[in-house]
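First the structure, in the form of structure tokens, and then the observations on it.
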Ligand code: HEM
Ligand SMILES: [Cu+2]
């Protein structure tokens, strides 16, 4: 009974924290959902003479600014990761707050774009694709934002994250990069390619 | 397998394991009500999957029997055609998404994979439980859809039909499939991470049981294909409810895109239903034939080959949808190529049986039955994989015959074989062999009687998915219906056997079949954390007839 032993919370052999691998596997899977949307879009693009159809003018200014913000936020979040690996929780918080802000600005820009565009979800097949794809991506940015806020919330606890303990931070960062990569493809397809 | 490594940590205050002499805080096994709760133990989850899936099998089976009763006569005199369509659609949906996939992957995979690789649980136990609990609501959504007319468009939900019949029911159907799809993605990522990273260090890759190789390949396939189906279904949902026109040709949409998205998932889905079964076969056959499996590596790699090639054949379901000639050519060839790794497996099993000391247990009977029926189904598959022939029989009963030979004669037989084989491990009790034989004979006769005549019906041109048919087909249809009744009855001895044996069957002991894979080294049913001391692998999993001693964990450690 009362044998003095180091009481470990886990009663069996520890195994490595595998959550990052889980997330990576999940993201590979999820990128195929976007793949399905991209393929659909490309199919329509290839089978229509005029693309986007008459009357759907793609607005470029706001999305381009948005793209620059989102892509730079991937670097910003990485600084946060570097900071925590040097045990610098304050620095990590700074960069993560900045990332969250940039993400929020991106979303706001998207909402602004939706409100000012001359067409809606049901206008034509291009508009269908446009809103569905950007909307789904926006949803992912939102989830990423929640992850970052979660990290920030937890980082208030002293010692919660450190140079050796930062899986949550890493996961938020990986997810954010994923969202970013998907956006670059989306931006290319939905905006840049329509110029040609 | 001998056991050497003591646990490197003394039991802490939450210790769950009995270490001889010391007290412990948890029972060795779960109480019955733990099986109805959000439990994170992979074994509980495996049983939850198996039992829930079996209940859905009974529901889907009742629908099938009702349909066959309708088809006993050429007229639609028993079911109203709309109800027939709803039964047809949801029968297929339930059998695929709520019976075969969840029991073969979720059920056996969860119960066995950690035990077979020497882990205490899956990599993400909570995620695992979440994945399971997405299934019951999906089933309820499907059943609820009957109150809104029932989805009518077949399990493929092709637009435009799915866009014009029963919109609410169809939306519920879509949500249900998205739920099971999510479940399968979460489950699969868990399997991949568990198999890749949680093997006991002493197990080399060529000592990984073939079932785990199969689950690995299955999971990769599910991870890559399921999201594409989700994409297609989301588009369909938007078309149904939010006024988009992705699949509405009159508004610039295109229905063939849906077919591509759908089959990019659903062709691989047929491997989701058969690869785990192949895994079960590779475990059952060597144990009951007392011989090492023939061509371990060939069988392991052929799973991976099927997984890769399987991603490139989906268009063979669309040969008749205006597919251009070069595509037909490409997909005919790629389809025929899949038959090669499949054949490799079949030959591996036959060669294992050859000259073996075969024990005709119920598990073995189902495995041998599977071999015979799956070869039939595979051959009719190859005929249809060639575009010129497929154009002729597409959407006839020939297709129905084919996929029931592979799905019933293959997947369902395999699930039965797996249950007879692992029941002693899962419950600690043996199943009754006499009832098992009766079950096998009824199922074998029933399956052939139901589905063999369908080949002929298809060749003669009877279309599938209709409640009424030309009277010239009556005779063969009567035979099919009798077969279906026998199949319906065949479930009874099985259910009785399972329930009765679970409660009062003969005690099984740790290793009733004298098998060599790791799951048999622990107690039956396994203790909560699988082993008191993790096993050390000292030989391959199939070295039957060689001079190795199958040791049970308890024997070695006490
Ligand atoms: C050598 C292996 C196989 C080949 C070459 C093959 C080929 C085919 C082809 C060409 C079709 C389309 C027929 C048509 O609609 O005109 C088909 C349908 C089907 N196959 Fe297979 N198959 C094989 C194995 C399997 C397996 C293992 C399963 C499942 C366990 C399966 C399940 C199905 C199903 C469910 C359908 C019907 C889909 C529908 O509703 O239209 N097949 N098969
Ligand atoms: Cu196929």
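Values quoted throughout were computed directly from the atomic coordinates according to the rules given, and no laboratory measurement underlies them. Since the model is a prediction, treat every value here as computed from it, not as a measurement. Counting neighbours? That spans all protein chains shown, and the Cβs are built from the backbone with ideal geometry, glycine included.
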Relative contact order %, chain B, counting alpha carbon pairs below 8 Å whose residues are six or more apart: 20 percent
At q = 0.22, 0.23 Å⁻¹, base-10 log of I(q)/I(0) for segment A:76-196 (Debye sum, equal scatterers on each alpha carbon): -1.17, -1.25
Protection proxy ranking of A:163-171, B:306-314, B:274-282, B:403-411 - average other beta-carbon atoms within 10 Å, highest first: B:274-282, B:403-411, B:306-314, A:163-171
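Above 45 angstrom, tally the Cα pairs of chain B and express them as a % of all pairs, no decimals.
14 percent
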Per-bin percent of Cα-Cα distances, the protein assembly as shown [20 Å]: 16, 46, 32, 6, 0
Peptide-level mean, for A:15-23, of C-beta atoms on other protein chains within 10 Å: 5
Two-site FRET efficiency, residue A:163 against residue B:468, from Cβ-Cβ distance with R₀ of 51 Å, rounded to 0.05: 0.10
Using alpha-carbon coordinates, inclination of helix B:362-385 to the longest axis of chain B, degrees: 40 degrees
For B:296, B:49, order by how many other beta-carbon atoms lie within 10 Å, fewest first: B:296, B:49
Label zone at residue B:34, where the point sits 7 Å out along the Cα-to-Cβ direction: segment B:46-62 residues whose backbone N lies under 16 Å: B:46-49
Distance between modelled label sites at residue A:143 and residue B:130, nm, 7 Å Cα→Cβ extension: 1.0 nm
Chain lengthening between residue B:327 and residue B:538 when straightened (0.36 nm per residue, less Cα-Cα): 71.0 nm
Residue list for segment B:405-432, given a label point 7 angstrom along the Cα-to-Cβ vector of residue B:502 and an amide N cut-off under 19 Å: B:415-432
Residue among A:180, A:81, A:17 with the largest mean-square fluctuation in a Gaussian network model of chain A, springs linking Cα atoms under 10 Å: A:17
Distance between modelled label sites at residue A:78 and residue B:82, nm, 7 Å Cα→Cβ extension: 5.9 nm
For B:238-247, mean number of other protein chain Cβ atoms within 10 Å: 4
Per-residue average of Cβ from other chains inside 10 Å of B:180-193: 3
Linear extension gain, residue A:86 paired with residue A:108, 0.36 nm per residue minus alpha-carbon span: 4.6 nm
Segment B:328-484 shape via C-alpha gyration tensor axes, a/c threshold 1.5: oblate
Fraction in percent of alpha-carbon pairs per bin - 5 Å, segment A:22-150: 2, 9, 15, 18, 18, 15, 10, 6, 4, 2, 1, 0
Cut-off 20 Å, label 7 Å out along Cα→Cβ of residue B:340, residues of segment B:304-320 by amide N: B:304-316
FRET efficiency for residue B:301 and residue A:31, using Cβ-Cβ distance with R0 set to 30 Å, rounded to 0.05: 0.70
Over segment A:75-196, relative contact order from alpha-carbon pairs under 8 Å, at least 6 apart, %: 32 percent
Where labels lie 7 Å past Cα in the beta-carbon direction, separation of residue A:192 and residue A:156 in nm: 4.2 nm
FRET efficiency estimate (nearest 0.05) - Cβ-Cβ, residue A:24 to residue A:64, R0 22 angstrom: 0.15
